[in-house]
Structures are given as structure tokens and as C-alpha cells.
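What follows is one structure encoded as C-alpha cells, with my remarks underneath.
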Amino acid sequence: MRPPSPSIPEKEFLFSSLKQSLRLDGRLPLEQRTPQLTFGSDLGYVECGLGKTRVLAQVEARMVKPTPERPFEGIVTIHSEISPMASPEYETLGRASEEEVIITRMLDKVLRRSDVLDKESLCIIAGQRVWHLRLTIHCLADAGNMLDCACLAGIVALKHFRRPDVEVTGEEVTVHPASERAPIPLAMNHTPFCFTFAFFPDLETAPVLDPNQLEQRLSAGLMSVALNAQKELCVVQKFGGVPLAMDEILRLIDVAVERAKELNKLVEGRLQEDWKTRGRNVELI
Amino acid sequence: MASRIEILNDGGFRSDGRRQYELRDLAIDLSQQASADGAATITHGLTQVMVSVFGPREAKMRSQTMHDRANINVEVSVAAFSTGERRKRNRGDKRILELAATIKSTFEPVIQTSLYPRSQIDIFVQVLEQDGGLLQACINGTTLALANAGIPLIDFVCAVTGGVHLTAPMLDLTLIEENDVPHVSVAVLPKTGKVTLVTMETRLHVERFEEIFRLAGQAGKVIHAEFKRALRDRTTTLVGAMGAGPRISAEEEMEY
């Protein structure tokens, strides 16, 4: 059952405070919640938290036969599981709701279709054996802006993952376990990050970055921008909602450019920290 | 295969003989379709979409009615013969569901839904031919069909696709061009110049994006002029037809 919509006093309180550029969690309008990245013991297992929103991403690699149309390319699939566990708004039965469709499609666009992975590097023997990467995204809790959280979790999981080294002699493929040879990171072209802005029905209210659940539900439109730290936009998506002036949209994209640079630094830092702790463990073995 | 086709040649012509900023041939047919309250068939070059609008009417499902405004229901179906490769897409396809959700959320703030509480407006989009610019054709067709059905809108919604080949911006892409260059779809409200929809799915530098984004905004105004002309022509025909029927003149009326 869908939870009841926010009450009128709640709505008025939020709108009047947003008008004074105040947010319920004390952030500035264009401030993001700091992402919390927790790495699991396996490579490619990442839990990402934005406030109380939590998403778990996991990558696994298997060897398969490639499709006949693309014999030189590996396969990447994304499985996103949005269950009522995240929020009672998502239902298990029947057709996926519009929000779910949009989240799944956006993940697909950001993580697969924007050429994040070099698929040809996943080829082992042309037409015979390629790597099949399976990225599973579990949405654990939705406290607003699950899309950004899921994209971040997905991209960090891909960066964190390492596939076992393989050796090809003629038609023979030998897979070296991690204890024999150091596993290899995936060849990635770039790292896009997704940023969502929420707009409100009153045009004087400034748009907010990274809306929390209440802001998201009371918003009159969302715009998601995915881009990398090199100022390349990968996906821009504003489906309806409040009409905006062109300059306003371009201004928000500039904000996203700055945030992408900051986020890139944070992610790289966290990955390196994690890698240092792992290096020690490997030596101990 | 696609890379063998020259997107923009040295003479400044595209693969179908157009210039960089030239739009494709736009044909609008607003004639009546069976029992629909409003209908439009729009053709952008070789992309053709047929849209029928029913309503405002009572919702089929009671649960879908909203007490303060009309509910908008959008269904998109893609004909199996619309693409080069014959493929049947079922209605549960994610791409089609997304298209329908996009159309719905684009028109929700544009249609004055609060005038029709407890009712439903159905929009059925049938894609007949696809040659690039599918979203643009769907949105333009829906605007025309809604206007034709006499549903109050706050403004027209005019959508255009733009792309960038190397550094050269282009408008209204065909399928070949869409497969090869980064492209952006923009829908504008011509009266205020504001943007309701922006989508882009390929990698593009921020500055290039800005250029094409502004250009597409301008192109929306050209499309708007076409819309106005088509709707005015249609209304003139209808008014003419009303006057042309057998009528009793004033003197005859006096005799009765």
C-alpha cells in the first residue's frame, strides 16, 4: 500500500522554509549529502549511503560464449532490484511503476550505454569466450534520491572490482586465482556521476540538489544530469515538470560540473584507502 | 557500417541532402480518426506518428480518478513494421514504458487538468515509421492531437532533436545520424521560451551541449509557426464546412 501523501502543514512548512533557502536537514540548496562508501571483503562489493538512502552494488564475472553479432565484445548486464524493502512506494507485483522504470533505464544509460566499460577488453578468445559482467544493484532503503545513490554505488563497484587474470595458449584458457596472479582492474573509459535536482511549483523557490524523500515527493519536477570530472555530459534528463528557462538549466549543469570534480576526488580517495588495507592482507597471506 | 556514411560533407551537406540547420519536411494531418475526440498524424521526414486523444471522460478504473484534476493516461505502441529490422516490441518493453512516462510527465503541467476533476484523458500514440527523432515526433503529435481535441493547454510544446558532428551542430537528425552522433532532444514552450524536456544519452562536452541546446530552442519556434498554420487551416476548413451546409435564408424563415 502506498503511504499517504504528506500533510498540508508539512507541505507548507517545507515550502516556506525552502523559500528562505533553508532545508530540513540543514543543507544549503545546492549541497549534497556526503556519500558513505563501505567496501565488502569481496572485490566489487560496495555499499553506498546518501543520508539514510542505502544501495548495495555487487559485480561478478563469468565466462560465457559471446553473441554471434558481437564476437569481440564482452557482455555487461545490470540487474536492479527495487523491492518494497526500500520504501512501501515500490510494489512487488504487477507492472513496474513509472519511477522504477525511470530508475532502471537511467542506470542502464549511465552505466552501460555511456561507454563506461571498454567491452572489447573483456574478450578472451574472439567468438569463443568472453567475460560476462553482472552488476546487481539492491536498493536497501529509500530516503530520497535513490537514483544518484544507485549510480554512485554501481560505478564505484565497477571501479573496485578486479577480474582474475587469464592466460590463453592456443585454444586453452587458464584462469589464475587471486593467490597466484594479481587480479586485473576493468578497463574503464570514464567515470560518470549522476546528480539530481528537484524543482518546486513556486518559481521563486530555488532548485535543490540531492533532494531528500519529502522534498522529492513534494517537488514539481526532477532533472538528472550524469557527467564525469572531464566536463563531459553523459545523460541529461528532464522529463516534464516545471518549465525552466534555458539559462537556469545551463547554470545547474555548471553546478553539476563542480560537484562531479569533488565527488571524483572523494571516490578516488576512498578507493585508495581501501586498497591500502587490502595490500597488507595480501602480504600476510 | 555507420562510419562509412559521411555525416556532413565538405560542401556542408548531410547524407540526405540537407544543410546543417535545415529541418526535415514536416507534414501535419489533423483529419478525424474514427471515434477519437482529437487526432493528429505528424510526419517528420520518414518518421511518422499517429496520435489519438479521447476525453476528458470518465475513468475506466475508479481508482485512477483524482478529486481535483484529470488523470492523464498515455499508451504508446510501436508497429512491428516501423523499423528496418522487423521486430515486435511488446507493451511491457522498458523503452516504450519510458517513452510513455516521458510523454505523460511532459504534458501533465501543460494541460490544464484542474478544469476536469474526476476525469481521464487518454492519449494513444501509434508509431508507424521510425527514422530518427521518435520522441520529438511523439511530443509534437500529442500537442497537435490535444489542441485538435479542444483540450485547454497553457502553451504548445514543440520538440526538436539536435546533434553535434565533430564540432558542427545539426538539427532534426535521421536514424543514420542519430546512431552516429551525440544527440539532444529539447521541448520548448514557445510563448515563454522555457524548456520542459531535455534528454541526452550520449557523451558530449558541456560547451558543445550548450550550443546545441540553444539552437534547438530556436528551432522549436519554427515548428511552432508550422503548428499554428496547420491548426488555423484545419479550423478554417471546419468553419467553412459549417457554413456550406443547406441553410434556410432569413426570408424563408420569416414565412414559416
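The values are calculated or read from the model by the stated rules, or taken from the named source; none is laboratory data. In this text the structure is predicted, and so the values were computed from the model without any measurement. Counting neighbours? That spans all protein chains shown, and the Cβs are built from the backbone with ideal geometry, glycine included. Note: accessible area is taken over every heavy atom of the protein model, side chains too, but ligands, DNA and RNA are not part of it. Shrake-Rupley method; radii C 1.70, N 1.55, O 1.52, S 1.80 Å.
Rounded to the nearest 0.05, the FRET efficiency derived from the C-beta distance between B:GLU75 and A:ILE184 at R0 = 56 Å is 0.75. Structural descriptor for chain A: relative contact order 19 percent, calculated from alpha carbon pairs under 8 angstrom and at least 6 residues apart.
Here the convex hull built on the C-alpha positions of the protein assembly as shown has a volume of 188 cubic angstrom per residue. Taking only protein heavy atoms and a 1.4 Å probe, the accessible area of region B:170-210 is 46% carbon and sulfur. Cysteines in chain A that lack a partner Cβ within the 4.7 Å cut-off: A:CYS48, A:CYS123, A:CYS139, A:CYS149, A:CYS234. Computed from point charges on the beta carbon alone (+1 for Lys and Arg, -1 for Asp and Glu), the dipole magnitude for the protein assembly as shown about its Cα centre is near 720 Debye. Counting only Cα atoms, the size of region B:26-241 along its three principal axes is 51, 38, 34 Å, in decreasing order. With contributions of -39500 (n - 2.57) from each DSSP H run of at least four residues, the per-residue ellipticity at 222 nm computed over chain B stands at -10500 deg cm²/dmol.
Accessible surface computed residue by residue for region B:27-132, with neighbouring protein chains in place and a 1.4 Å probe, gives 50 Å² per residue. Ligands, DNA and RNA aside, B:TYR116 has an accessible area near 60 Å² when probed at 1.4 Å. Scaling against 2.2 N^0.38 Å puts the C-alpha radius of gyration of region A:131-266 at 1.38. Averaged over peptide A:110-120, the number of partner chain Cβ atoms lying within 10 Å of each residue's Cβ comes to 1. The residue list A:PHE13, B:THR113, A:GLY40 was ranked by how far each Cα lies along the charge dipole of the protein assembly as shown toward its positive end, using unit charges on Cβ atoms, and A:GLY40 comes out on top. What part of the accessible area of region A:21-284, given as a whole %, is carbon or sulfur when the probe is 1.4 angstrom? About 50 percent, which is the carbon plus sulfur part of the accessible surface. Helix-only mean residue ellipticity at 222 nm, chain A, DSSP H runs n ≥ 4 weighted -39,500 (n - 2.57), per residue, nearest 500. What is it? The per-residue figure over chain A is -9500 deg cm²/dmol.
Contact order, relative form, for chain B: 19 percent (alpha carbon pairs under 8 Å, 6 or more residues apart, mean separation divided by residue count).
Note on chain A: GNM, Cα springs under 10 Å; of A:CYS151, A:CYS123, A:CYS139, the largest mean-square fluctuation is that of A:CYS123.
Working note: Karplus 6.51/-1.76/1.60 with θ = phi - 60° gives region B:238-243 the couplings 5, 5, x, 5, 5, x Hz, where Gly and Pro are set to x.
A simple spin-label model places pseudo-atoms 7 Å from Cα toward Cβ; at A:LEU22 and B:THR65 they are separated by 4.2 nm. Taking every residue in A:242-249 and counting other chain Cβ atoms within 10 Å of its Cβ, the average works out to 6. Each chain gives up part of its surface: A and B jointly bury about 3100 Å² of accessible area, both sides summed, for a 1.4 Å probe.
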